[in-house]
Structures are given as C-alpha cells and as structure tokens.
Amino acid sequence: MPILRQRSTRIALTAAAGLVAATLGFFAWQSFYPVQAAKGWEVEVLHRDVDKAASLLPQADGSLLVSRELDDGHGSILKITAHGDRVVLLNNLSKPDGMVAAQGGWVFSQEGGQAPVTLYRDGQFVPLFEGFSVQGLWNDGDHLFAIEDRKGDGRLMRYDWQTGQLDVLRSGLSETEGLTRCHDGRLLYTEKGTGIVRALADDGNDPVVVQGLRHPTFLMCDQRGLWISEDNTHRARLLRIDAEGTQHVELTFLKAPQSIVADGKGGYLLAEGGRNRVLRLTPPADDATAQR
C-alpha cells in the first residue's frame, strides 16, 4: 500500500507539474507570439522601449508625442523627433492618456484619479476643467469633448472654447474610454465592459452602433472607416468597420493596444502599451483609399 500511495503521489505531482508547464507555456505563447496583419497589410515596430505607450500625436515637424500611461506621478509625455531622439516634455503625471491637438497646442488628460484636463501651448500649462479619470478627448474647433473611465459614475463633457463653459452631456456612464467624431457627424464613444460602441444622440438614448467587441478602447474615424482597438492583454485586435458596416480584423495578437492615428503618409501608427512600443501599419499597395 505505501508503494501504491507513493506511485499515485508521483503521478499526481507529475500531472500537476505538466498542467502548470502547459499553462505557463500558453501564456508565454500569447505574450510573445508576433503580431499578425491582415492580407496585404504590413506591420513593423517603429519605436521600442516606450513604457505603457497610450496616446499618439504626430507633429508637423515629423516628431511624435507619446503619452506614457504610468500611475502615481510616474507618467509622462515623450517627444520622439524625426531623427529618433527622445525628450520628456512633461512628467510627474498620473496615467496621462488622451491627447488631442487644439488651440495652437495640444490638450492632455490624466486617468489616474482627479486631475485637470490641460492645454499645453508655447511651454505653458492652462488647466481647463477638472475631471475624474478622464481618458478620451476630441476637439472639433468650437468645443472640446472629454469622457471619463469610471464604473457607473462617468461623464461625457463638452467644454466651450469661447466661453469656458463646461456642460455634462451624459452621466452615470461605466468604463467609457474612447471618443471620436466620424465624417457623418456622429460622435462615438466606447463602453469597454459591455463591448459596445455608442453614438451620441439628441434625444439622450444613445444607440449601439457596434457590439460584440472585446474591451474596446480607443476609436478613430477616417476614409477607410471606424478603427477600434481592443484593450486586452492577450490576443487583442485592431478592427476596422467599413462604410458598409463590414468588420475587418487588420491586426491580431496585440497586447493592450491603445490609440491609433494616421501617420500622414497613407498609413497608421498604433500604440501597443502592453509591449511598450509604437507600431506602424502600412495598407496594401493597391489600396487607393485616400485619407483626408
């Protein structure tokens, strides 16, 4: 009997060790498996070692601003020049997330608790209004829109550049992160937890325009359609919804992708925060779709 018990114990330990090894191997495979692009598209790493890359904002001089979404005052906004040099423009931030060009400068938000949404212009800070865990930003020239990533008490706000008035357009939102306006005039926002994208409606009943997503976060609209990044730590996707409503998976096996922006050369830049890098996505050579 003792021999049988020892043999059973060895078998159990071997099985447990095999299960642990298989589990670790599976997660390692998900973490290190290379990003895959859809047929015809090409993807490459443009910048490495950009901790928790979140928002991207290309500049006229060829440089790129990147928000590094670190918490507790460790976050910063980095400038990467056209020659690859790196300069920290702002530091001591808590999860700097959204960035958008505005008023001859740019506005940034911080998702790490209560913090002002701030305009940075000519080396000067101009606090605009207070928010709680603000992530998505959108500027249309007359107004700045901001949305909070909170559980059940988030807000969608509109700031008037002329008067400085802040209006709360929606309240009681949950895990709302991305924000963009499309060419048809719709202002869209994501609900990460429910996996949907809604459109802001005049009657207050915001319809669902996309559903069945896996933690959608940043949004962008252009002539190719609506781009959606999924903030998953494993096997995340970059999606595109074309004008006919067809969903295309343009990138897979991403790790916590964040914002996507046009690179001004017909392609795109994508912040992959889970791997601390910025990717460049190039469309098929025969794709004649123009970006405006």
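The values are calculated or read from the model by the stated rules, or taken from the named source; none is laboratory data. Everything numeric here is computed off the predicted structure, so don't read it as measured data. Backbone-built Cβ (ideal geometry, glycine too); neighbour counts: all protein chains shown. For the accessible areas, the whole protein counts, side chains as well, though only heavy atoms, and no ligand, DNA or RNA atoms are used. Shrake-Rupley method; radii C 1.70, N 1.55, O 1.52, S 1.80 Å.
How about region 137-255: which strands (runs of 3 or more DSSP E) wholly inside it have at least 3 residues that are closer than 21 Å to Leu270 by Cα, touching a residue at least 12 places away in the same chain (Cβ under 8 Å) and not polar (S, T, N, Q)?
Values: elements: 143-148, 154-160, 166-173, 176-181, 187-191, 196-199, 208-210, 216-222, 225-230, 236-241, 247-254.
Filter on region 137-255 gives 176-181, 187-191, 216-222, 225-230, 236-241, 247-254.
Tally time: how many residues in region 72-106 are assigned to a strand (DSSP E or B) and under 19 Å from Ala146 (Cβ atoms)?
Going residue by residue through region 72-106, those that are assigned to a strand (DSSP E or B) are 75-80, 86-93, 96-102, 105-106.
Now drop any that are not under 19 Å from Ala146 (Cβ atoms), which leaves 75, 77, 90, 93, 96-102, 105-106.
Within region 72-106, residues that are assigned to a strand (DSSP E or B) and under 19 Å from Ala146 (Cβ atoms) number 13.
Checking the conditions here, which among Asp206, Asp286 is farther than 28 Å from Arg48 by Cα, surrounded by fewer than 17 Cβ atoms within 10 Å (Cβ to Cβ) and of a type in the set (D, E, K, R)? Even if it seems obvious, please write down each step before you answer.
Details: Asp206 fails: surrounded by fewer than 17 Cβ atoms within 10 Å (Cβ to Cβ).
Answer to the check: Asp286.
Kindly evaluate Thr194 against the criterion of being polar (S, T, N, Q), closer than 25 Å to Leu169 by Cα and open to solvent by 40 Å² or more (accessible area, probe 1.4 Å). First the steps, then the outcome.
Details: polar (S, T, N, Q): yes; closer than 25 Å to Leu169 by Cα: yes; open to solvent by 40 Å² or more (accessible area, probe 1.4 Å): yes.
So Thr194 passes the test.
With the requirement that a residue be touching a Leu at 6+ places or on another chain (Cβ under 6 Å) and within 17 Å of Cys221 (Cβ to Cβ), what does region 258-280 give you?
Looking only at region 258-280, we keep the residues that are touching a Leu at 6+ places or on another chain (Cβ under 6 Å), and these are 259-261, 263, 267-272, 278-280.
If the condition is that a residue be touching a Leu at 6+ places or on another chain (Cβ under 6 Å) and within 17 Å of Cys221 (Cβ to Cβ), then Ser259, Ile260, Val261, Asp263, Gly267, Tyr268, Leu269, Leu270 are the ones that fit.
Would you mind telling me which numbered condition in (1) within 18 Å of Asn276 (Cα to Cα); (2) surrounded by fewer than 12 Cβ atoms within 10 Å (Cβ to Cβ); (3) free of Cβ contacts under 8 Å to residues at least 24 places away in the same chain Glu44 fails?
With (1) within 18 Å of Asn276 (Cα to Cα); (2) surrounded by fewer than 12 Cβ atoms within 10 Å (Cβ to Cβ); (3) free of Cβ contacts under 8 Å to residues at least 24 places away in the same chain applied to Glu44, the lone miss is (3).
Might you let me know whether region 274-282 holds any residue that is out of contact with any strand residue (DSSP E or B) (no Cβ under 6 Å at 6 or more places or on another chain) and touching a residue at least 24 places away in the same chain (Cβ under 8 Å)?
Step one: list which residues in region 274-282 are out of contact with any strand residue (DSSP E or B) (no Cβ under 6 Å at 6 or more places or on another chain), which gives 274-276.
Now narrow it down to the ones that are touching a residue at least 24 places away in the same chain (Cβ under 8 Å): 274, 276.
Yes, the conditions are met somewhere in region 274-282.
Would region 216-239 turn up any residue that is touching a Phe, Trp or Tyr at 6+ places or on another chain (Cβ under 9 Å), buried (at least 23 other Cβ atoms within 10 Å of the Cβ) and among the hydroxyl-bearing types (Ser, Thr, Tyr)?
Checked against the condition, which is being touching a Phe, Trp or Tyr at 6+ places or on another chain (Cβ under 9 Å), buried (at least 23 other Cβ atoms within 10 Å of the Cβ) and among the hydroxyl-bearing types (Ser, Thr, Tyr), region 216-239 yields at least one hit.
Any idea which residue in region 232-257 is nearest to Pro216 (Cα to Cα), counting only those that are over 17 Å from the mean Cα position of the chain (by Cα) and of a type outside the set (S, T, N, Q)? I'd like the intermediate steps shown before the answer.
Within region 232-257, the subset over 17 Å from the mean Cα position of the chain (by Cα) is 242-248.
Filter once more, keeping what is of a type outside the set (S, T, N, Q): 242-245, 248.
On the way: Asp242: 17, Ala243: 19, Glu244: 20, Gly245: 17, His248: 15 Å.
Out of the qualifying residues, it is His248.
Out of everything in region 83-120 that is under 19 Å from Thr217 (Cα atoms) and among the hydroxyl-bearing types (Ser, Thr, Tyr), what residue ends up being most open to solvent (accessible area, probe 1.4 Å)?
Step by step, filter region 83-120, then rank; the result is Ser94.
Just the residues that are open to solvent by 70 Å² or more (accessible area, probe 1.4 Å) and modelled with pLDDT of 95 or more, please, taken from region 122-137. Spell out how you get there, then give the answer.
Filtering region 122-137 down to residues open to solvent by 70 Å² or more (accessible area, probe 1.4 Å) leaves 122, 124-125, 127, 130, 132.
Of everything in region 122-137, those that are open to solvent by 70 Å² or more (accessible area, probe 1.4 Å) and modelled with pLDDT of 95 or more turn out to be Pro127, Glu130, Phe132.
Of the conditions (1) part of a loop (DSSP other than H, G, I, E, B); (2) open to solvent by less than 60 Å² (accessible area, probe 1.4 Å); (3) modelled with pLDDT of 95 or more; (4) of a type outside the set (S, T, N, Q), Asp51 fails just one. Which one is it?
For Asp51, the failing item is (2).
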